[in-house]
Amino acid sequence: MTLHPTLARVTARIIERSEATRRPYLDRMDAARIKGPARGHLSCSGQAHAYAASGNDKDKLAIGTAGNLGIITAYNDMLSAHQPFERFPDLLREAARAAGGTAQVAGGVPAMCDGVTQGEAGMELSLFSRDVIALAASVALSHNTFDAAVFLGVCDKIVPGLVIAAQAFGHLPAVFLPAGPMESGLSNDEKAKMRQQFAAGEVGREALMAAEMAAYHGPGTCTFYGTANTNQMLMEFMGLHLPGASFVPPNGAMRDALTQEGAKRALSLSALGDSYTPVSVILDERAFVNGIIGLNATGGSTNLLIHLVAMARAGGIILDWQDFSELSDVTPLLARVYPNGLADVNHFHAAGGLGYMIGELLGAGLLHPDTMTVAGEGLENYTTEPKLKAEGLVWEKGAGTSLNEKILRPARDPFQSTGGLKRMTGSMGTAVMKVSAVAPEHHMIEAPARVFADQDAVKSAFKAGEFTGDVVVVVRFQGPKANGMPELHSLTPLLSILQGRGHKVALVTDGRMSGASGKVPAAIHVSPEAVDGGPIARVRDGDFVRVDAVAGTLDVLAGDLDTRPNATVDLSSAQAGTGRELFAAFRNTVGAATSGATIFGD
């Protein structure tokens, strides 16, 4: 199948734009490969330190001829998605030994849950945790005693942070190992209704708590299609997962088999063998374009508009939000998974899942078919699905048809002809909107602004009954430099109530919305942010704002906007407490949302 011309054109533009940064990166990776791991060059004392606790693996490590696998883990048992990783190191060591190698836990990285910190001070550390994770993983691998690595992570900032670190050590092969989704519980639609009823004062906290516990009830990833599950999709589309690994449940025979195969596969791809396939070869410009296509075709999380840019830059690849928008314009939306529909990721997987979707997009010329992956050359490998047979783990051809077209549709008959994300520009700056969950009648909102400096003020105004008509809620001073760019997902229930009353409602913010952004149109990641003097700092109560996802525009209908002074706000309350005082260096260094909101260069 011939590549779609837009796919080819955008890819060529990215390659050209990235030439000055990609080539030096690849040169550094080549130099690191030639130098190789330092294990054999360490002093006797250094080697003794590295192998002291390795038990029966000491002799293999000292000889230095067997592959040594570094394990980077984001395990903690406060995150349901990461609790299953507790068992993984033993499984990985066992598999490495069976393959003639060794495995060591190189280090752990922090992993926070945005679901816990929504609306709380801790959310202001969430985005920065991605770069902390990249730094921590790099420290773990800096001992330079490993021939390959596996990365254990699932959730929102964890996978992007691990990918950034993997690219810093891009001369090593790496396999990313997920834990899998929890079993389906209370439906996401019922959970959302209960949250709205609580926000409206119709039910008490006891009823809300019961609903939440019924939804989040066991080990594994939350089952809605937010940032965590979007991460898992990306790792398959970009070739860092084993095929079909993303949505296999935790703690079963198949999950254990995939985990152990991941260790074997990572070692087999090292420079010690004949199939050397480092991360720097897998994550090229084509792989990132494939990831963007997957993001749009699934209606994935808006957080990845920031994370993919930051991940790409770690490998010298420069992405622009315009790339996302142009690819969205030609990518059919093939999935309806909550909040874009009623199904969860378990239903999606059962209907055919990522294997079916990748096959459809390949057939439509909307994916680069010849990328390198941990499964070998060619994305066709990812149309297969794992099976446990008497002889062990094998891959067979996946579903050729969708088993439920209310959840998963063929490319010839999609849910909509364009993807789930829209770039917006205008007198208010540059923003993005997740449109896949927003009904068409809400794609264009023009209404007077109510301007707030934080989400608590919005909640107070709602409780006071101040929203009585159409409104564009503007929440500013929420960008990365101001306070770490928290998600404002806790505003979703009350904005949904206003919309349900028949009002035209939109949110505009220089902060983030949850990866589970829902039915209220939200122009987010507004850049430049207010603290940088962006136009959002000059909007006033009563200004008419037009949020137009059809035309891709975001405008303040005020002729004197450019001559107004910038609003200011006391941000001191966001700079201390819950560890925030330790992150001043991040707030002072971080770049704009359009360049990934990262501390690693703008």
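State all residues of segment 228-258 that are buried (at least 24 other Cβ atoms within 10 Å of the Cβ) and at positive phi; if no residue qualifies, say none.
Matches in segment 228-258: Gly239, Gly244.
Of (1) surrounded by fewer than 16 Cβ atoms within 10 Å (Cβ to Cβ); (2) part of a loop (DSSP other than H, G, I, E, B), Ser402 satisfies all except one. Which?
The single condition Ser402 does not satisfy is (1).
Which condition number does Gly161 fail, the rest of (1) closer than 22 Å to Thr598 by Cα; (2) without any contact (Cβ under 8 Å) to a residue 60 or more places away in the chain; (3) part of a loop (DSSP other than H, G, I, E, B) being met?
(3)
Starting from segment 342-363, take each residue that is more than 10 Å from Ile407 (Cβ to Cβ) and list its partners that are assigned to a helix (DSSP H, G or I) and of a type in the set (D, E, K, R), counting only C-beta distances under 7 angstrom and pairs at least six apart or across chains.
Pairs found: Leu354/Glu236; Leu362/Glu380.
Identify all residues within segment 350-360 that are in contact with a Ser or Thr (Cβ under 8 Å, 6 or more places away or on another chain) and on the phi < 0 side of the Ramachandran plot; write none if there are none.
Ala351, Leu354, Gly355, Tyr356, Met357, Ile358, Gly359
Let's see how each residue does on (1) within 27 Å of the chain's Cα centre (by Cα); (2) buried (at least 23 other Cβ atoms within 10 Å of the Cβ):
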residue	(1), (2)
Ser436	yes, yes
Pro440	yes, no
Lys459	no, no
Gly469	no, no
Val474	yes, yes
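Among the candidates Asn340, Asn346, which residue alone is closer than 26 Å to Val526 by Cα, modelled with pLDDT under 95, among the polar types (S, T, N, Q) and assigned by TED's automatic domain parsing to the domain that holds Leu393?
On inspection, the qualifying residue turns out to be Asn340.
From the residues in segment 85-129 that are part of a helix (DSSP H, G or I) and β-branched (Val, Ile, Thr), which one is surrounded by the most Cβ atoms within 10 Å (Cβ to Cβ)? Explain how you work it out, then say what you get.
Of all residues in segment 85-129, those part of a helix (DSSP H, G or I) come to 85-98, 114-117, 121-129.
With the extra rule that they be β-branched (Val, Ile, Thr), the set shrinks to 116-117.
Details: Val116: 11, Thr117: 18.
Taking the candidates together, the pick is Thr117.
Do you know which residues across segment 64-74 are part of a loop (DSSP other than H, G, I, E, B) and either crowded, with 21+ Cβ neighbours inside 10 Å or not assigned by TED's automatic domain parsing to the domain that holds Ser129 (or both)?
Once the filter is applied, which keeps residues that are part of a loop (DSSP other than H, G, I, E, B) and either crowded, with 21+ Cβ neighbours inside 10 Å or not assigned by TED's automatic domain parsing to the domain that holds Ser129 (or both), segment 64-74 yields Gly67, Ala74.
Mind checking which residues of segment 103-125 are touching a helix residue (DSSP H, G or I) at 6+ places or on another chain (Cβ under 7 Å), of a type outside the set (A, V, I, L, M, F, W, C) and modelled with pLDDT of 95 or more?
Gly107, Pro110
Looking only at residues that are in contact with a strand residue (DSSP E or B) (Cβ under 8 Å, 6 or more places away or on another chain) and modelled with pLDDT of 95 or more in segment 376-385, which one is surrounded by the most Cβ atoms within 10 Å (Cβ to Cβ)? Let's see the steps before the verdict.
Here is the first cut: in segment 376-385, the ones in contact with a strand residue (DSSP E or B) (Cβ under 8 Å, 6 or more places away or on another chain) are 379, 381-385.
Checking which are modelled with pLDDT of 95 or more leaves us with 379, 381-384.
Values: Leu379: 26, Asn381: 20, Tyr382: 29, Thr383: 24, Thr384: 18.
In this case the residue turns out to be Tyr382.
Within segment 123-134, is even one residue in the same structural domain as Pro250 (by TED's automatic domain parsing), β-branched (Val, Ile, Thr) and within 27 Å of Pro486 (Cβ to Cβ)?
yes
Going by the structure shown, is Val154 of a type outside the set (Ser, Thr, Tyr) and more than 19 Å from Ala314 (Cβ to Cβ)?
Taking the combined requirement at face value, the residue satisfies it.
Is it the case that Leu367 is assigned to a loop (DSSP other than H, G, I, E, B) and of a type in the set (A, V, I, L, M)?
So Leu367 fits the description; yes.
Under 8 Å by Cβ, and 6 or more places apart or on different chains, what pairs join a residue from segment 417-430 that is under 20 Å from Leu361 (Cα atoms) and surrounded by fewer than 24 Cβ atoms within 10 Å (Cβ to Cβ) with one that is among the β-branched types (Val, Ile, Thr) and modelled with pLDDT of 95 or more?
Thr418/Val330; Thr418/Thr331
Can you tell me which residues in segment 474-492 are under 20 Å from Ala447 (Cα atoms) and either of a type outside the set (A, V, I, L, M, F, W, C) or part of a helix (DSSP H, G or I) (or both)?
To start, the set of residues in segment 474-492 that are under 20 Å from Ala447 (Cα atoms) comprises 474-476, 491-492.
Residues satisfying the conditions are Arg476, Leu491, Thr492.
From the set of residues in segment 30-63 that are small (Gly, Ala, Ser) and buried (at least 17 other Cβ atoms within 10 Å of the Cβ), which is modelled with the lowest pLDDT?
Checked segment 30-63; the qualifying residue modelled with the lowest pLDDT is Ala50.
Could you figure out which of (1) more than 30 Å from Val545 (Cβ to Cβ); (2) in contact with a Gly (Cβ under 9 Å, 6 or more places away or on another chain) isn't true of Lys389?
All conditions are met except number (2).
Spot the failing condition for Val550; the list is (1) farther than 21 Å from Ile445 by Cβ; (2) β-branched (Val, Ile, Thr); (3) touching a His at 6+ places or on another chain (Cβ under 8 Å), and only one is missed.
The number of the failed condition is (1).
Being among the aromatic types (Phe, Trp, Tyr) and either surrounded by fewer than 20 Cβ atoms within 10 Å (Cβ to Cβ) or modelled with pLDDT of 95 or more (or both) is the filter here, so list the residues in segment 192-227 that pass it.
Within segment 192-227, the subset among the aromatic types (Phe, Trp, Tyr) is 198, 216, 224-225.
Listed by number, the residues that qualify are Phe198, Tyr216.
Looking only at segment 299-309, decide whether some residue is farther than 23 Å from His4 by Cβ and at pLDDT 95 or above. Working first, answer last.
As a first pass, look at segment 299-309 and keep what is farther than 23 Å from His4 by Cβ: 301-303, 306-307.
Applying the additional criterion that residues be at pLDDT 95 or above yields 306-307.
Within segment 299-309 (the criterion being farther than 23 Å from His4 by Cβ and at pLDDT 95 or above), the answer is yes, since at least one residue qualifies.
Of the residues Ala263, Ala297, only one is buried (at least 24 other Cβ atoms within 10 Å of the Cβ) and within 23 Å of Tyr356 (Cβ to Cβ); which?
Ala297
Would you mind telling me which numbered condition in (1) among the charged types (D, E, K, R); (2) touching a strand residue (DSSP E or B) at 6+ places or on another chain (Cβ under 9 Å); (3) modelled with pLDDT under 95 Asp456 fails?
Here Asp456 clears every test but (2).
What are the pairs with Cβ atoms under 8 angstrom where one residue, in segment 133-148, is buried (at least 21 other Cβ atoms within 10 Å of the Cβ) and the other, located anywhere, is modelled with pLDDT of 95 or more and of a type in the set (Lys, Arg)? Sequence gap at least six, or different chains.
That search, which allows pairs on different chains as well, returns Ile133/Lys157.
Which numbered condition trips up Leu495, out of (1) crowded, with 24+ Cβ neighbours inside 10 Å; (2) in contact (Cβ under 8 Å) with a residue 60 or more places away in the chain?
Unmet condition: (2).
What number of residues in segment 32-59 are out of contact with any helix residue (DSSP H, G or I) (no Cβ under 8 Å at 6 or more places or on another chain) and touching a residue at least 12 places away in the same chain (Cβ under 8 Å)?
The number of residues fulfilling the criteria is 6.
The values are calculated or read from the model by the stated rules, or taken from the named source; none is laboratory data. Values in this document were obtained by computation on a predicted structure and should not be read as measured data. Note that we place each Cβ from the backbone using ideal geometry, even for glycine, and neighbour counts take in every protein chain shown.
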